[in-house]
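Asker: First the structure, then my questions, so here it is.
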Amino acid sequence: MKNVKPLDIKDLTLEQKLGMVICANLRVGEDDVQTAIQMVKEHRLGAIWLQYDAKEAPDAIARVLEAADYPILVLTDAENGLGNATIPQAISVTAAGAKDEYAYSFGLATADALYERGYNVVCNPVVDLNQKMNAPCGHTTRTFGADPETAARLGAAMARGIHDGGLLAVSKHFPGGQTSPYDTHMREGFSTKTAEELYNHDLVPYRHLLKEGLLDGVMSGHGLFPKIDEKHPASLSEKVLSLMRQDGFDGFFITDALNMMGLVLKFGKNGPVSMCIGAGNDLALPWTMPVATAYDAMKEGFEKGIINEEILDAAVARILKAQAKTLELSKTRKKATQKDFDNIRSITTDCISARCAEGVKPSISRDGKHLFVIVTEERRPMNADIDYTPGARGWFVPTLIGEHIAKYFPNSEAMTMPQYPSTNDNMPFLDKQTKYDDVIFVTAAMTRAYVGRDCLSSRLVDLMDALQSTNRISTHIHFGNPFVAAGAPYIERVIMGYCSADCVEHAFKILAGEAEAKGVIPYDCIEFHKKGHIFM
């Protein structure tokens, strides 16, 4: 068996240290994999990143590990899990009753599966706290919700499962607190919060994880906090990062992807690579930048004095400590049990909630003649076996949804409607719906990077509002960001689930009266339209 042992900082040259603070994303290309392997052989690379579902991941990881005689960090995020340990994002844990047991089982099963693939670090849990203003953005379904105590408790349970599964856990996206509804992939987001406000609210989960010994690493976000640092976003701000260090955090900081426009538009592509280390991060994640280019940028930053030897040594020491810890965790790791997989399955079904008017049940007549309208991103026929949904694949496909409808509602019909319906969509649809008992809309919203704020389009809302002038829509089934469902007109029956194929199937079981809606809406600040509300 290959002898893998931790490196000693005293044995590393300056050139090796500069590479130890880089996390290379090996999806950039085969040349990058070969460069990374050579750097590993020279003890000149601290970490690699490969998306857990990337087809090239198994081969690239195997080749890097074959070349490594030290425990190089191998990272991914896997926020939804993988294989038969998949959930529809973190918010589903809260919606399913916010049970520590569920969060732990998910963390353990995810770590177990990732360990078998060669990973030793997972960038989870997400402990951001949602607030009303930033709710339409992508973090909404990636978090445990708005309550800091709930996020702290569930985050700790998930991280404990990750540890027991043999992996380091990295919480993100520090320091949270953003109140602007902007996607930092597209432009700089900001927060008006003070250091004290962050400490007493958004940092509660981090402080709890730190106290429990579960905060191996922290991923720094790119939001600007002008009341703390007017110029630099969190990932480039020593003042912001020190909020965690002053509490005794001695784990490693890794940046979020450095190719986001929130950084690039202000600081260029190469600058943030060394600036982030100079500010107090320990790993730079250049993301789309080839590792050789990132190394040159790091070296240039050192030569310009952006990084000094004291800062570099401190960062390298924390990376070597993390690398050594991966070996210790691997000795005591546990395997996920059937009970863990049962818990994960329960998350997927228990998270679905029903919001019904007084006297209205979540179910409808299975023998009725209903017209189901599946809202698609683009114009797609019902028989198009194409998954157009951004993000996770295979969970919101018209043909699959049509099969559920045919199974439970044999006298009904399903059709698709683009999210921006035109005259040629609306005219035939409005005529067609008169031949049915009622209309049921099926929508989905899974905001991802470079999408921005999430909502139902005004054209779609106008169409729904027109039907609701005579109460033609009996049900709205919505998956994903729950705030989006509130943009629709008043509908007496709203069933809300999250982003997975199992969630979709179970929602139709609830509508058919074969299952109970056990979930809770995980936010108390969603403002649904009232009956009789007029859209202007």
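Asker: Amide H neighbours of Val127 under 5 Å, at least 5 residues apart or on other chains, H built in the peptide plane: list them.
Answerer: Lys172, His173
Asker: Given Cα pairs under 8 Å that are at least 6 residues apart, what percent is the relative contact order of the chain? The partial results should precede the final answer.
Answerer: Numbers: 1204 pairs, mean separation 83.7, N = 536.
Contact order relative to length: 16 percent.
Asker: Report, largest value first, the span of the C-alpha coordinates of region 107-256 along each principal axis, in whole Å.
Answerer: Sorted from largest, the Cα extents of region 107-256 read 43, 32, 27 Å.
Asker: Could you give the dipole magnitude of region 460-512 about its Cα centre, charging the beta-carbon of Lys and Arg +1 and that of Asp and Glu -1, in debye to the nearest 20? Intermediate values should be presented prior to the final figure.
Answerer: Working: 3 positive and 5 negative charges, 23 e Å.
Roughly 100 debye for region 460-512.
Asker: At a probe size of 1.4 Å, how large is the accessible area of Glu516, to the nearest 10 Å²?
Answerer: Taking all protein chains as shown, Glu516 has close to 120 Å².
Asker: Met417's amide H: which non-local residues (gap 5+, or another chain) put their own amide H closer than 5 Å, with H modeled 1.01 Å from N in plane and none for Pro or chain starts?
Answerer: Under 5 Å from the amide H of Met417 lie the amide H atoms of Ile374, Val375, Thr376, each far enough along the sequence or on another chain.
Asker: Defining a contact as two alpha carbons under 8 Å apart and six or more residues distant in sequence, what relative contact order in percent does region 55-143 show? Write down the numbers at each step before the final one.
Answerer: Values: 80 pairs, mean separation 33.5, N = 89.
Result for region 55-143 is 38 percent.
Asker: Quick one, what does Rg over Rh come out to for region 232-355 if you take C-alpha atoms and the Kirkwood Rh? Mind dumping the intermediate values first?
Answerer: Numbers: Rg = 19.4 Å, Rh = 17.1 Å.
That ratio is 1.13, to two decimals.
Asker: Given the C-alpha centroids of region 437-460 and region 476-510, what is the distance between them in whole angstrom?
Answerer: Computed from Cα coordinates, the inter-centre distance equals 11 Å.
Asker: Give me the number: length gained by fully extending Lys269 to His533, i.e. 0.36 nm times residue separation minus the C-alpha to C-alpha distance, one decimal in nm. Display every interim value, and only then the final one.
Answerer: Working: separation 264, 0.36 × 264 = 95.04 nm, distance 4.80 nm.
Between Lys269 and His533, full extension yields 90.2 nm more.
Asker: Okay, moving on. Semi-axes, largest first, in whole Å: what does sqrt of 5 times each Cα gyration tensor eigenvalue give for region 333-373? Intermediate values should be presented prior to the final figure.
Answerer: Values: eigenvalues 258, 36, 14 Å².
Computed over region 333-373, the values are 36, 13, 8 Å.
Asker: Further question on the same structure: Which loop trypsin sites (Lys or Arg not before Pro) in region 398-441, with loop taken from DSSP, have no more than 16 other Cβ atoms within 10 angstrom of their Cβ? Write down the numbers at each step before the final one.
Answerer: Values: sites: Lys407, Lys432, Lys435; in loops: Lys435.
The qualifying sites are Lys435.
Asker: Rounded to the nearest Å, what's the spacing between the alpha carbon centres of region 138-190 and region 72-129? Just the number, please.
Answerer: Region 138-190 and region 72-129 have Cα centres separated by 12 Å.
Asker: Also: Semi-axes of the equivalent ellipsoid of the chain: what are they in whole Å, largest first, if each equals the square root of 5 times a C-alpha gyration tensor eigenvalue? Write out the running numbers ahead of the final one.
Answerer: Details: eigenvalues 390, 113, 90 Å².
Three semi-axes, in Å: 44, 24, 21.
Asker: Go through region 106-116 residue by residue and turn each phi into a ³J(HN,Hα) via Karplus (6.51, -1.76, 1.60, θ = phi - 60°); whole Hz please, and just put x for glycine and proline.
Answerer: Using θ = phi - 60°, the values come out as 5, x, 5, 5, 5, 4, 4, 5, 5, 4, 5 Hz.
Asker: Packing-wise, with mean Cβ within 10 Å as the measure, how do 31-37, 479-485 rank, highest first? Walk me through the numbers before you get to the answer.
Answerer: Details: 31-37: 18.9, 479-485: 25.1.
With the highest mean Cβ count within 10 Å placed first, the list reads 479-485, 31-37.
Asker: Additional query: How much length would be gained if the chain were fully extended between Ala314 and Glu56, taking 0.36 nm per residue of separation minus their Cα-Cα distance, in nm to one decimal? Working shown, then result.
Answerer: Values: separation 258, 0.36 × 258 = 92.88 nm, distance 3.31 nm.
In short, 89.6 nm is gained.
Asker: Suppose R0 equals 22 Å. What FRET efficiency, 1/(1 + (r/R0)^6) with r the Cβ-Cβ distance, do Arg366 and Glu516 give to the nearest 0.05? Write out the running numbers ahead of the final one.
Answerer: Working: r = 16 Å, r/R0 = 0.74.
Calculated transfer efficiency: 0.85.
Asker: Where both partners of a DSSP beta bridge lie in the chain, what percent of those bridges are antiparallel, to the nearest 5? Don't skip to the end; give the middle numbers.
Answerer: Details: 7 of 51 bridges.
The antiparallel proportion sits near 15 percent.
Asker: Normalising by the residue count of region 71-208, find the relative contact order in percent from Cα pairs under 8 Å and 6+ residues apart.
Answerer: Values: 265 pairs, mean separation 38.9, N = 138.
Computed value for region 71-208: 28 percent relative contact order.
Asker: For Trp49, enumerate residues with amide H under 5 Å from its amide H, sequence gap 5+ or separate chain, H modeled in the peptide plane.
Answerer: Under 5 Å from the amide H of Trp49 lie the amide H atoms of Ala24, Asn25, Leu26, Leu75, each far enough along the sequence or on another chain.
The values are calculated or read from the model by the stated rules, or taken from the named source; none is laboratory data. Not measured: the values here are computed from a predicted model. Don't worry about glycine lacking a Cβ; one is built from the backbone with ideal geometry, like all the others, and counts go over all protein chains shown. The protein model used for the area step is the full one, side chains on, heavy atoms only, and it has no ligands, DNA or RNA in it. Shrake-Rupley method; radii C 1.70, N 1.55, O 1.52, S 1.80 Å.
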